[in-house]
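Participant: Below is one structure. I have some questions about it.
The values are calculated or read from the model by the stated rules, or taken from the named source; none is laboratory data. If you're wondering where the values come from, they're calculated on a predicted model, not measured in any experiment. For neighbour counting, all protein chains shown are included, and Cβ atoms are generated from backbone atoms with ideal geometry for every residue, glycine included. Remember, those area values only see protein heavy atoms, side chains included, never the ligands or the DNA or RNA. Shrake-Rupley method; radii C 1.70, N 1.55, O 1.52, S 1.80 Å.
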Amino acid sequence: MNEILKSIILTPFNFLYKINPELELKILFNLKTGRKLDLVEPKGFNEKVNWLKLYDKDERRPLLSDKYTVRDYVEKITGDKILNKLYWHGENPEDIPFDELPNQFVIKVTHGSTFNIICNDKEKLNRDEAVKQLKIWLKAKFIPCYGEWWYGLVKPQVIVEKYLENPEKNELLDYKVFCFNGEPKLIDVHTGRFGVHRRNVYDTKWDFLEDVSFKYPQSDAIEKPVVLQELLEYARMLSKGFAHVRIDFFIVNNQIYFSEFTFANGAGFDKITPYSFDLLMGEWLELPEL
């Protein structure tokens, strides 16, 4: 959907969220999932994610949702082995030292998951257009009505990281580990991010859950990572102390790289089929006492 049109459609929801966030999320949840949102006795995973958005004001979320400030937390917990190489960071895109960068790199704005410029060949990069786009992204605000209050509280900046690629698989697979009370339960593997986006869901033994779907269609079965147990241990370490968080990673030549923390998968609106699996995930998520 066109972003301008989307913004116009969601304007009344943004207004209602400021007045009555519980009511607004109930309406949006029903429109998105076709189900009623029970905030008194939530049972399903998506219901509980929305409960957490409303009532769990963990002060760590803003720092861990920012792509630069999260690095300190990851290094403190795991060391710097799984951190991708950082070439530069700053608030002004005009200060990016393009001449000093390698031929390939990735530029990211730290408060968004899609604000990325992937440079495969520096000679072909239009620097002025890249700087212009980054300035636009730095001003972007997250949609209030989705209730993900932690995004954008840290002043956004720009980071430039090492370009990661996996020639053996012809694409970089995205391994998203769903953790509950510090224990990994599922691995959601994304493929085709720049073509046909697909998602396969695996348990922690790498059994393919063929009957489970998270919004996007499935791909062919994906080979079990050699470093699966190491991946799960990093997820376990990083998710400790949270009722629920999704820890995302990349794997290149059996080297694990941390990607990001996500506290509300799909903002708590992605349809999980069958619904019985949404309920099973809800059983794993023990809500904190307030």
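Participant: Residues of region 177-200 being under 26 Å from PHE242 (Cβ atoms), more than 16 Å from the chain's Cα centre (by Cα) and of a type in the set (Val, Ile, Thr), which ones?
Facilitator: Listed by number, the list is empty, since nothing qualifies.
Participant: Okay, moving on. Among the residues of region 250-265, which ones are within 21 Å of PHE214 (Cα to Cα) and touching a strand residue (DSSP E or B) at 6+ places or on another chain (Cβ under 8 Å)? Reasoning before the result, please.
Facilitator: We begin by selecting, within region 250-265, every residue within 21 Å of PHE214 (Cα to Cα); these are 250, 259-265.
Scanning region 250-265 gives PHE250, SER259, GLU260, PHE261, THR262, PHE263, ASN265.
Participant: While we're on this one: Considering only residues of region 166-203 that are basic (Lys, Arg) and not in a strand (DSSP E or B), which is farthest from ALA264 (Cα to Cα)?
Facilitator: Here is the first cut: in region 166-203, the ones basic (Lys, Arg) are 169, 176, 185, 193, 198-199.
In the following step, the residues that additionally are not in a strand (DSSP E or B) were identified as 169, 193.
Numbers: LYS169: 29, ARG193: 20 Å.
In this case the residue turns out to be LYS169.
Participant: Here is a further query. Which condition number in (1) hydrophobic (A, V, I, L, M, F, W, C); (2) part of a strand (DSSP E or B); (3) open to solvent by 80 Å² or more (accessible area, probe 1.4 Å) is the one that ILE136 fails?
Facilitator: Failed condition: (2).
Participant: Counting only residues that are among the small types (Gly, Ala, Ser) and either buried (at least 20 other Cβ atoms within 10 Å of the Cβ) or touching a Gly at 6+ places or on another chain (Cβ under 8 Å) (or both), how many does region 179-205 have?
Facilitator: Just the residues of region 179-205 that are among the small types (Gly, Ala, Ser), to begin with: 182, 192, 195.
Imposing the further condition that a residue be either buried (at least 20 other Cβ atoms within 10 Å of the Cβ) or touching a Gly at 6+ places or on another chain (Cβ under 8 Å) (or both) reduces the set to 182.
Of the residues in region 179-205, 1 are among the small types (Gly, Ala, Ser) and either buried (at least 20 other Cβ atoms within 10 Å of the Cβ) or touching a Gly at 6+ places or on another chain (Cβ under 8 Å) (or both).
Participant: Go over the candidates GLY79, GLY44 one by one and state the one that is open to solvent by less than 30 Å² (accessible area, probe 1.4 Å), on the phi > 0 side of the Ramachandran plot and either more than 17 Å from the chain's Cα centre (by Cα) or among the charged types (D, E, K, R) (or both).
Facilitator: Details: GLY44 fails: on the phi > 0 side of the Ramachandran plot.
None of the others qualify; the one that does is GLY79.
Participant: Hey, another quick one. Could you list all residues from region 106-130 that are part of a helix (DSSP H, G or I) and either in contact with a Gly (Cβ under 9 Å, 6 or more places away or on another chain) or open to solvent by less than 60 Å² (accessible area, probe 1.4 Å) (or both)?
Facilitator: If we filter region 106-130 for residues that are part of a helix (DSSP H, G or I), which is where we start, we get 122-124, 127-130.
Listed by number, the residues that qualify are LYS122, ALA130.
Participant: Let me ask something additional. Just to verify a result, which residue in region 266-290, among those that are surrounded by fewer than 14 Cβ atoms within 10 Å (Cβ to Cβ) and hydroxyl-bearing (Ser, Thr, Tyr), is nearest to the chain's Cα centre (by Cα)?
Facilitator: Taking region 266-290 and keeping what is surrounded by fewer than 14 Cβ atoms within 10 Å (Cβ to Cβ), we get 273-274, 276, 283, 286, 288-290.
Right, trim to hydroxyl-bearing (Ser, Thr, Tyr) and you get 273, 276.
Working: THR273: 20, SER276: 24 Å.
It comes out as THR273.
Participant: Out of the residues in region 228-259 meeting the condition of being part of a helix (DSSP H, G or I), in contact (Cβ under 8 Å) with a residue 60 or more places away in the chain and among the hydrophobic types (A, V, I, L, M, F, W, C), tell me which one is surrounded by the fewest Cβ atoms within 10 Å (Cβ to Cβ).
Facilitator: Among those that are part of a helix (DSSP H, G or I), in contact (Cβ under 8 Å) with a residue 60 or more places away in the chain and among the hydrophobic types (A, V, I, L, M, F, W, C), it is MET237.
Participant: Let me ask something additional. Quick one: which of LYS18, LYS26 is within 24 Å of the chain's Cα centre (by Cα) and open to solvent by 40 Å² or more (accessible area, probe 1.4 Å)?
Facilitator: Working: LYS18 fails: within 24 Å of the chain's Cα centre (by Cα).
Step by step, each of LYS18, LYS26 is checked, and only LYS26 is within 24 Å of the chain's Cα centre (by Cα) and open to solvent by 40 Å² or more (accessible area, probe 1.4 Å).
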